[in-house]
Amino acid sequence: MSELMFPQDFLIGAATSSYQIEGEIYNTDWYIWEKLGHIVTGEPCGKACNSWELYEKDVQLVEEFGLNAYRMSIEWARVFPEENVIDFDALAHYKEYLATFKDKGIKTFVTLHHFTTPIWMYQKGSWENKEVIKEFLKYAYVVGRELGDNVDAWMTINEPGVVSVLGYFTGIFPPGKNSVLSTIRVTTNQLIAHAETYKLLKKLTPNVPVGIVKNITWFYSLNLFPLDKYLAWFINKLFNDNYLRGIRTGKLPFSQKRYPGLKGSIDFWGLNYYTHVWISQKLPNMAINHLPNAEKVTQTGWEWDSEGLLRAIQLLWDTLQRPIYITENGIATLKDEERVEYIKEHLAQVLEALKLGIPVKGYFYWSLIDNFEWLEGYIPKFGLAGFDHKTFERQPRKSGYFLGEILKTKKLF
Ligand code: NOJ
């Protein structure tokens, strides 16, 4: 194992998102998607981990594990339950939640959009309608103004490529479309909304860094057929490249028009990294996550590819030289020892990146607690803790304490 150490100011935390843990958010596009029967178990998100009521228990977990940072998201549909209607009680709740972390000296990284969109916006065409930019800005303004004092870093949009490609190209996420044009329209609106939000938050909270969360998935052609190679290239373009290029050059996809303020519109990169995917037009949904002879495969069928993390870090650094936070990395598994191994292997790659001189500033494990894993419902267990689905009692796992130990000693052991 590497003798290298993490810097003194390195952050090690855990991540969650509002919809996946809070429970009872019934006014989003995902609720509609669940009702339409898209979740493998047929089970809706429902009360999730009941974190809306029990958030203090989550704060306690972070503290007990000895972590110094927490990544969470604000639910747009809670803040704006209807168009132009602000719920100040919801804002007060989030204020309290963030203050609890602040009191304990735990840094908060806050995402504004983590997959879910309010029903009223969904009914107007969601991210495909350019009105989304104006509406998202209203939301960002209110959140920035009301919560900014207790936030250590903002992230505008989580995994925009998942929202565009899975929602509008493969159609497995809401709204379930299969159109390249729609996908490009969504990417364009996301990039503009991001650039405008960046400007707005820099004015409202000048001392709080603002980033975007880009997940890098590596796309490989399953075979040498030119059509499959082209498809892998094309999906990479839609999923990764359109965003990276947009932020690097300031140009919007397809039209290649420059959008003022888009170029370089981040103070840091948030990097979510999990795996690679094999592409072929013959496969259902065009992709599989692992080959039959793959050695290490997670509960979600994803292949471990820890070296891919180093390459993803290098890709972001080469695209635009900004500090990098690993905003998500994690494994769904029923064996907690396997989670410990996974964390070790991936953090070793972070140390390699540091050795190369790339400023990786922190690592957030996904996830603090088992939660609603979108199409796969409650089957995958990503958490550093589990929970009892009746009593909602938190069940901390060894991997959580292991992560805390790394933070304390600054090294892998
Ligand atoms: C990415 C997403 O941001 C998060 O919502 C999801 O649960 C994890 N990856 C695991 O799939």
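According to a simple spin-label model (label point 7 Å from Cα along Cα-to-Cβ), what is the distance in nm between Asn285 and Lys35?
In this crude spin-label approximation the distance works out to 2.3 nm.
Under a point-charge model restricted to the Cβ atoms of Lys and Arg (+1) and Asp and Glu (-1), what is the dipole moment magnitude of the chain relative to its Cα centre, in debye to the nearest 20? Kindly include the intermediate steps, with their values, before the conclusion.
Values: 45 positive and 48 negative charges, 325 e Å.
For the chain, the charge dipole is close to 1560 debye.
Rounded, prolate or oblate: which fits region 20-149, taking a ≥ b ≥ c as square roots of the Cα gyration tensor eigenvalues, rounded meaning a/c under 1.5, else prolate when a/b beats b/c? Present the calculation step by step, with values, prior to reporting the outcome.
Details: a/c = 2.24, a/b = 1.31, b/c = 1.71.
Taking the square roots of the gyration eigenvalues as a ≥ b ≥ c, region 20-149 is oblate.
If one puts a single equal scatterer on every Cα of the chain and applies the Debye formula without solvent, what log₁₀ I(q)/I(0) results at q = 0.06, 0.12 Å⁻¹?
The computed values of log10 I(q)/I(0) come out as -0.21, -0.95.
At 1.4 Å probe size, put Glu376, Glu196 in order of accessible surface, largest to smallest.
On the way: Glu376 65, Glu196 40 Å².
Order by accessible area, largest first: Glu376, Glu196.
Using modelled amide H (1.01 Å from N, peptide plane; none on Pro or chain starts), what sits under 5 Å from the amide H of Val360, excluding residues fewer than 5 places away?
Ile324
Using a 1.4 Å probe and ignoring any ligands, DNA or RNA, find the accessible area of Lys257 and quote it in Å² to the nearest 10.
The value for Lys257 is about 140 Å².
Figure the gain on full extension for Gln314 and Val180 (residue separation times 0.36 nm, minus the Cα-Cα span) and round it to one decimal in nm.
Details: separation 134, 0.36 × 134 = 48.24 nm, distance 2.84 nm.
Using 0.36 nm per residue and subtracting the Cα-Cα distance, I get 45.4 nm.
For Val85 paired with Asn207, estimate the spin-label separation in nm (one decimal), with each label point 7 Å from Cα along the Cα-to-Cβ line.
In this crude spin-label approximation the distance works out to 3.7 nm.
Starting at the first residue of region 229-235, write each ³J(HN,Hα) from the Karplus equation 6.51 cos²θ - 1.76 cosθ + 1.60 with θ = phi - 60°, in whole Hz, x for Gly and Pro.
Whole-Hz 3J(HN,Hα) from phi for region 229-235: 5, 5, 4, 4, 4, 5, 5.
Using only Cα atoms, locate the centre of region 67-106 and the centre of region 341-413, then give the distance between them in Å, rounded to an integer.
Result: 22 Å between the Cα centres.
I'd like the accessible area for Glu303: 1.4 Å probe, protein heavy atoms, all chains in place, Å² to the nearest 10.
30
Give me, ordered by chain and number, the residues 5 or more places off Tyr365 or on other chains with an amide H under 5 Å from its own placed amide H.
Gly13, Ala14, Ala15
So, with a 1.4 angstrom probe, what is the percent of accessible area on the chain that is carbon and sulfur? Mind dumping the intermediate values first?
Details: 8690 of 16250 Å².
In the chain, the share of accessible area belonging to carbon and sulfur is 54 percent.
Add -39500 (n - 2.57) for each DSSP H run of 4 or more in the chain, then divide by its residues: what number comes out at 222 nm, to the nearest 500 deg cm²/dmol?
Working: 13 runs with 157 residues, N = 413.
For the chain, the value works out to -12000 deg cm²/dmol.
Please work out how much accessible surface Phe6 shows to a 1.4 Å probe, ignoring ligands, DNA and RNA, in Å² rounded to 10.
Surface open to solvent at Phe6 totals about 10 Å².
Taking square-rooted eigenvalues a ≥ b ≥ c of the alpha carbon gyration tensor, is region 369-413 rounded, prolate or oblate, where a/c under 1.5 means rounded and, failing that, a/b exceeding b/c means prolate?
Numbers: a/c = 4.38, a/b = 1.99, b/c = 2.20.
Oblate shape, in that a/c is at least 1.5 and b/c is the bigger or equal ratio.
Of Phe173, Phe254, Phe387, which has the largest mean-square fluctuation in a 10 Å C-alpha GNM of the chain?
Phe254
Rolling a 1.4 Å sphere over the protein heavy atoms, what is the accessible area per residue of region 1-76, to the nearest Å²?
39
I'd like to know which of Val180, Tyr141, Tyr94 lies farthest towards the positive end of the charge dipole of region 72-217, counting +1 on Cβ of Lys and Arg and -1 on Cβ of Asp and Glu.
Val180
Kindly write out, for region 15-20 in residue order, the coupling ³J(HN,Hα) from the Karplus curve 6.51 cos²θ - 1.76 cosθ + 1.60 (θ = phi - 60°), rounded to whole Hz, with x marking Gly and Pro.
3J(HN,Hα) across region 15-20, in whole Hz: 10, 8, 9, 3, 4, 6.
Would you mind checking Lys57/Lys102; Lys57/Lys390; Lys57/Lys95; Lys202/Lys263; Lys251/Lys361; Lys104/Lys408 for any pair whose Cα atoms are more than 18 angstrom apart? If you can, show how the numbers build up before the last one.
Values: Lys57/Lys102 15 Å; Lys57/Lys390 15 Å; Lys57/Lys95 16 Å; Lys202/Lys263 15 Å; Lys251/Lys361 28 Å; Lys104/Lys408 16 Å.
Result: Lys251/Lys361 exceed 18 Å.
The values are calculated or read from the model by the stated rules, or taken from the named source; none is laboratory data. As the structure is a prediction and not an experimental result, all values here were calculated from the model. Here the Cβ is made from the backbone with ideal geometry for all residues, glycine too, and neighbour counts use every protein chain on show. SASA here: full protein model, heavy atoms, side chains in, ligands and nucleic acids out. Shrake-Rupley method; radii C 1.70, N 1.55, O 1.52, S 1.80 Å.
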